[in-house]
1. Determine whether residue 114 is part of a helix (DSSP H, G or I), modelled with pLDDT of 95 or more and open to solvent by less than 50 Å² (accessible area, probe 1.4 Å).
2. Quick one: would you say residue 92 is assigned to a helix (DSSP H, G or I), open to solvent by 80 Å² or more (accessible area, probe 1.4 Å) and over 18 Å from residue 190 (Cβ atoms)?
3. Taking only pairs six or more apart or across chains, which ones have beta-carbon atoms under 9 Å, a first residue in region 129-140 that is more than 11 Å from residue 86 (Cβ to Cβ), and a second residue that is exposed (fewer than 14 other Cβ atoms within 10 Å of the Cβ)?
4. Out of all the residues in region 179-201, is one or more part of a helix (DSSP H, G or I), open to solvent by 60 Å² or more (accessible area, probe 1.4 Å), touching a Lys or Arg at 6+ places or on another chain (Cβ under 7 Å) and at pLDDT 95 or above?
5. Among 165, 122, which is the only one that is open to solvent by 80 Å² or more (accessible area, probe 1.4 Å) and farther than 23 Å from residue 204 by Cα?
Amino acid sequence: MKKSIVMLLAVATAVSCNKKETTNSSDQNDSVEMSVSPDSGSSAMTGDSATTTSASQETMTLSDQDKTFADAAAKGGMMEVMAGELAVKNGTNPIVKTLGEMMVKDHTKANDELKQWATANSYTLPANVDAAQQKKFDELKTKKGAEFDRAYTDQMVVDHKKTISEFKKESSDGSETSLKAFAEGKIPALEHHLMQSEKAKTAVK
């Protein structure tokens, strides 16, 4: 009888110990899960924040070269369209009118592409040509006949030599990838414009 009582007490003690161990183990697991979850969530949020900040900074990073080029390209493009429209209207030699039409078409397209770039990069382009360009345009408007043809073709040769130089500089020294690609992509067309301008200049001498 005594042996039976001792065995029952031993079994009861063993069961009681197992319950405590199970409870402690469960509590520890819950504690570990709770402590890990906030850390992992915090890590994920930090990573997302860092990625967003990095992308934002990259979008807004424009060097002085990029800004100078974008402004010059915008104003130069507007000037070419204005002068081209004038050539179509006031030119007397057919080659001058054809040159003007090409300038209006090509530079309008380039201007639109530059505006799209500016919108994507939150950059404000000049809305008008500068004072020196406006003065050149006003002077061109006063000329008629063969005098206009010579003045316009002279201006196209000078302008495109300068513009090609600016676009080449941006393609090599610019920082913003898409703006550099824009500049590089337009160089062949600008060189074609220069060649046609030189032909027209020779034709109206």
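The values are calculated or read from the model by the stated rules, or taken from the named source; none is laboratory data. None of these values were measured; they are calculated from a predicted model. Quick reminder, even Gly has a Cβ in these numbers, built from the backbone with ideal geometry, and neighbours come from all protein chains shown. The area values use the complete protein model at the heavy-atom level, side chains included, leaving out ligands, DNA and RNA. Shrake-Rupley method; radii C 1.70, N 1.55, O 1.52, S 1.80 Å.
1. Working: part of a helix (DSSP H, G or I): yes; modelled with pLDDT of 95 or more: yes; open to solvent by less than 50 Å² (accessible area, probe 1.4 Å): yes.
For residue 114, the condition - part of a helix (DSSP H, G or I), modelled with pLDDT of 95 or more and open to solvent by less than 50 Å² (accessible area, probe 1.4 Å) - is met.
2. no
3. 134/128
4. There is no residue in region 179-201 that is part of a helix (DSSP H, G or I), open to solvent by 60 Å² or more (accessible area, probe 1.4 Å), touching a Lys or Arg at 6+ places or on another chain (Cβ under 7 Å) and at pLDDT 95 or above.
5. 122
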